[in-house]
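Visitor: For reference, the structure I am asking about is given below.
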Amino acid sequence: MPKPLSLPFDPIARADELWKEHFGATPSMVAITSIMRAQQILLAEVDAVVKPYGLTFARYEALVLLTFSRRGELSMSKIGERLMVHPTSVTNTVDRLVRSGLVTKRPNPNDGRGTLASVTDRGRRVCEDATRELTAMDFGLRAYDDEECAEIFAMLRPLRVAAGDFEES
């Protein structure tokens, strides 16, 4: 993937200067802008690795979740709950995995209206291969060491708790 041309200045720092002139200091603006730009960068790098496997990062996450489950299958509602996405997104993601032969779907015998998604043997192999490549490139975070990655996780955790992602124990 070709890198975009680098600017001779940091556009987010420049936006911060202009913001201060017009609206006053707002550290949260420069923080959110930096987080959103980092998300764009990371998603592009990760997607470039998983694309040859017919995956997006969202499909990769679903495949990993199914691979980690005890029986290699979960209900569609459980997938949505764990990945924190809307049911329509789960259906779209799983249906694409089914079309790729990485997942199968069947009625949930414990819930007449529900559906179970199951990872296939091919899906497990693709998951392992993609994970090996993503791990080799540190999921795009090679600019940080292990301790800094732990700090990023810890720093973002209160935001996730406040958003209701989970209850802190």
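The values are calculated or read from the model by the stated rules, or taken from the named source; none is laboratory data. From a predicted model like this one, the values you see are computed outputs, not experimental measurements. Accessible surface areas use protein heavy atoms only, side chains included; no ligands, DNA or RNA. Shrake-Rupley method; radii C 1.70, N 1.55, O 1.52, S 1.80 Å.
Visitor: Using Cα pairs under 8 angstrom and six or more residues apart, how large is the relative contact order of the stretch 1-137, in percent?
Guide: Here the relative contact order equals 20 percent.
Visitor: While we're here: Using a 10 angstrom cutoff on alpha carbons, build the Gaussian network for the chain and name the most mobile of GLU147, GLU45, GLU61.
Guide: Checking each option, the largest mean-square fluctuation is seen for GLU147.
Visitor: Here's another thing I want to ask about it. Roughly how many Å is it from the Cα centre of the stretch 105-169 to that of the stretch 34-84, as a whole number?
Guide: 6
Visitor: Taking a probe of 1.4 Å, how large is the accessible area per residue of the chain, in Å²?
Guide: On a per-residue basis, the chain sits at 71 Å².
Visitor: Could you check which residue among ALA25, ALA62, ALA130 shows the biggest mean-square fluctuation in a GNM of the chain with a 10 Å Cα cutoff?
Guide: The residue with the greatest mean-square fluctuation here is ALA25.
Visitor: As a check on your grasp of the helix formula, calculate [θ] at 222 nm for the chain: sum -39500 (n - 2.57) over DSSP H runs of n ≥ 4, divide by the residue count, round to the nearest 500.
Guide: Rounded to the nearest 500, the figure is -20000 deg cm²/dmol.
Visitor: Could you give the length gained by full extension between ALA38 and PHE139, i.e. 0.36 nm per residue of separation minus their alpha carbon distance, to one decimal place?
Guide: 35.1 nm
Visitor: If you don't mind, there's one more thing I want to ask. GNM on the chain, C-alpha springs below 10 Å: top fluctuator among THR88, THR104, THR67?
Guide: Looking only at THR88, THR104, THR67, the biggest GNM fluctuation is shown by THR88.
Visitor: Calculate what fraction, in whole %, of the accessible area of the stretch 29-169 sits on carbon and sulfur atoms when a 1.4 Å probe is rolled over the protein chains.
Guide: Numbers: 5120 of 9320 Å².
Ligands and nucleic acids excluded, carbon and sulfur reach 55 percent.
Visitor: Report which label in (1) 116; (2) 172; (3) 105 holds the value of volume of the Cα convex hull per residue in Å³ derived from the coordinates of this structure.
Guide: Comparing each candidate, only (2) matches the computed number.
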